[in-house]
Amino acid sequence: MRQVENFIRGEFVAARDGKRFDKVSPVTGEVIASIAEAGRSDVNEAVLAAKAALQGEWSTFTTNQRVEMLYEVADEITRRFEDFVEAEMADTGQPSHVMRHVFIPRGAANFKIFADTIKNVPTESFMLDTPDGAGALNYGVRTPKGVIGVISPWNAPFMLMTWKVGPALACGNTVVVKPSEETPLTSVLLGEVMNKVGVPKGVYNVVNGFGPDSAGAFLTEHKDVDAITFTGETRTGTAIMKAAAEGTRDVSFEMGGKNAGIVFADCDFDKAIEGISRSSFLNSGQVCLGTERVYVERPIFDKFVAALKEKAEAVNYGKPTDEGVNYGPLISKEHQNKVLSYYQKAVEDGATVVTGGGVPEVPEALKDGNWIQPTIWTGLSDDAAVVREEIFGPCCHIRPFDTEEEVIGLANNTDYGLATTIWTKDLPRAHRMAAKIDVGICWVNSWFLRDLRTAFGGTKQSGIGREGGVHSLEFYTELRNVCVKL
Ligand SMILES: NC(=O)C1=CN([C@@H]2O[C@H](COP(=O)(O)OP(=O)(O)OC[C@H]3O[C@@H](n4cnc5c(N)ncnc54)[C@H](O)[C@@H]3O)[C@@H](O)[C@H]2O)C=CC1
Ligand SMILES: O=C(O)/C=C/C=C(\O)C(=O)O
């Protein structure tokens, strides 16, 4: 069985107390790896390694040298593409084409985009008038923030971890990553890449383990961690924020969503169906940007529900590498139970189950995997649990609407504010809507179309701060103003 260690100061090391935990395949339920579980002293060692590296060779790198090294990291990921695809598939159980076309290429791109950003971003400067007429020059200098604690989730593990590590390293920081306990493989594999291309030891570290009373909490509580970036559940964000308050450390949070998809009668119908089907069912619905509330203009409501039902029923369950498989399991038994409990709740609340609602028939070899049917409901009230709470599964509730004002109110009637997707050919209307829906990311006639230079993050309980392009520099650097009297 695969043995996976922590990665500290450039070495793959077991936990000092020898503790380990099992990684279980979401596809078959088999134990596929044994993972070193970092205790407080292992986390301490990783943080001290990262702190020491800030003063070492890494600090002598020019921006250009860092940029070149990040390009080498990206190129080495691409050279080891198959290894990353295999590890990510083993971790998540999601189909090979999603790994090949989205998650692994995005992992490599996350290093290149921030290398480009740091190389090209201009320095802020202002000329100030002074009474003597000579003036003063103000200019900004960006310095690394220090040791960054990276707490990453399981739904797109490599893509979301590198989305943080890329800019952190581009800005000259060092990192300690705590990947989700469900998906440790690619973070540790990245350690091999870092060593291969010569990233100085201690710049990139990985500690495995769980959240509370484990590696996650030990890391976020550590006083030498200067800032924390986190993607995951809103409640976890609250716990991390409390830990970060000690020492007033900075945080960047990308958290849950209960995103609305809005479909007007004048939309390109086939594209809207394709878009909403992806946004509700891709990655088995385990995408923070996904759509769990769909609002459809009344004249096309019945036609829309029927067409989305067809899409939901067309998924092919199976092993990630099997030909034609386009749909994977949920990440864990715990998550499967959580999603199934919402399926049950929807029925208790009086939903019409258009399709799905349970566990599908799968071949004998897969019966211990965490399979679940894509599910569509109609007929629930706006305050039903499955309409208000983030489920993070392949499901959506569809409700008709009659006016623009009404649907803006419905879309905004949530504690979250991550993303929305609007489908209409009336672009002035799309712009009006985009201005009024309280989210960080608004897609029109598209979904998950990502330009990595754009601001990414959420409002309300969906997050704090923005990352992406130059916005990442705000979090990963300190900006010092220098004022020179001329
Ligand atoms: N991208 C997103 O928005 C994600 C949302 N979720 C939501 O969260 C729910 C639960 O999934 P989980 O994996 O349990 O998410 P989670 O938020 O508990 O886990 C995310 C990461 O935070 C770590 N963590 C947990 N508690 C911590 C603590 N007190 N201090 C430091 N680190 C801690 C975990 O070990 C993991 O690395 C899902 O059902 C889904 O609704 C989960 C993953 C990603
Ligand atoms: O494109 C990105 O950077 C992120 C996409 C998805 C998530 O953040 C998520 O599902 O958590």
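The values are calculated or read from the model by the stated rules, or taken from the named source; none is laboratory data. All figures in this text were calculated on a predicted structure; none of them were measured in a lab. Cβ placement follows ideal geometry from the backbone for every residue including glycine, while neighbour counts extend to all protein chains displayed.
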Residue list for the stretch 212-236, restricted to those being within 8 Å of ligand 1 (Cβ to nearest atom) and aromatic (F, W, Y):
F230
Looking at (1) assigned to a loop (DSSP other than H, G, I, E, B); (2) outside the structural domain of N413 (by the TED database), can you tell me which one D266 breaks?
(2)
Could you tell me which residue of the stretch 179-195 is farthest from F103 (Cα to Cα), considering only residues that are within 16 Å of ligand 2 (Cβ to nearest atom) and touching a helix residue (DSSP H, G or I) at 6+ places or on another chain (Cβ under 6 Å)?
P179
Somewhere in the stretch 43-56, is a residue closer than 30 Å to G369 by Cβ and either among the hydrophobic types (A, V, I, L, M, F, W, C) or at pLDDT 95 or above (or both)?
no
For the stretch 128-142, check the following and say yes or no: at least one residue is closer than 30 Å to V315 by Cα and among the hydroxyl-bearing types (S, T, Y).
no
Select, from F281, F253, the only residue that is outside any helix (DSSP H, G or I), closer than 27 Å to E182 by Cβ and either within 16 Å of ligand 1 (Cβ to nearest atom) or touching a residue at least 12 places away in the same chain (Cβ under 8 Å) (or both).
F253
One residue from L289, L308 being within 16 Å of ligand 2 (Cβ to nearest atom), crowded, with 20+ Cβ neighbours inside 10 Å, of a type in the set (A, V, I, L, M) and on the phi < 0 side of the Ramachandran plot
L289
Going by the structure shown, is S446 of a type in the set (S, T, Y), at pLDDT 95 or above and not in a loop (DSSP other than H, G, I, E, B)?
no
Output yes when any residue across the stretch 357-370 is under 27 Å from T231 (Cβ atoms) and surrounded by 16 or more Cβ atoms within 10 Å (Cβ to Cβ), and no when none is.
yes
Being at pLDDT 95 or above, in contact with a Lys or Arg (Cβ under 9 Å, 6 or more places away or on another chain) and within 16 Å of ligand 1 (Cβ to nearest atom), is that true of even one residue in the stretch 298-306?
no
Take the stretch 98-153 and flag every residue that is free of Cβ contacts under 8 Å to residues at least 60 places away in the same chain, closer than 28 Å to T62 by Cβ and of a type in the set (V, I, T).
T123
Which one of the conditions (1) hydroxyl-bearing (S, T, Y); (2) buried (at least 24 other Cβ atoms within 10 Å of the Cβ); (3) within 16 Å of ligand 2 (Cβ to nearest atom) does T234 fail to meet, given that it meets all the rest?
(2)
Hey, can you tell me all the residues within the stretch 178-192 that are over 21 Å from V24 (Cβ atoms) and buried (at least 22 other Cβ atoms within 10 Å of the Cβ)?
L190
Looking at the structure I just gave you, is M241 within 16 Å of ligand 2 (Cβ to nearest atom) and in contact with a strand residue (DSSP E or B) (Cβ under 8 Å, 6 or more places away or on another chain)?
no
Single residue of P212, P200 found to be over 21 Å from the mean Cα position of the chain (by Cα), more than 16 Å from ligand 2 (Cβ to nearest atom) and part of a loop (DSSP other than H, G, I, E, B)
P200
Quick one: count up the residues across the stretch 341-381 that are aliphatic (A, V, I, L, M) and either within 23 Å of the chain's Cα centre (by Cα) or under 22 Å from F301 (Cβ atoms) (or both).
8
State which residue is surrounded by the fewest Cβ atoms within 10 Å (Cβ to Cβ) when the search covers only the stretch 135-177 and only residues that are within 11 Å of ligand 1 (Cβ to nearest atom) and within 17 Å of V4 (Cα to Cα).
W154
May I ask you to say which residue of A239, A243 is in a helix (DSSP H, G or I), surrounded by fewer than 20 Cβ atoms within 10 Å (Cβ to Cβ) and within 10 Å of ligand 1 (Cβ to nearest atom)?
A239
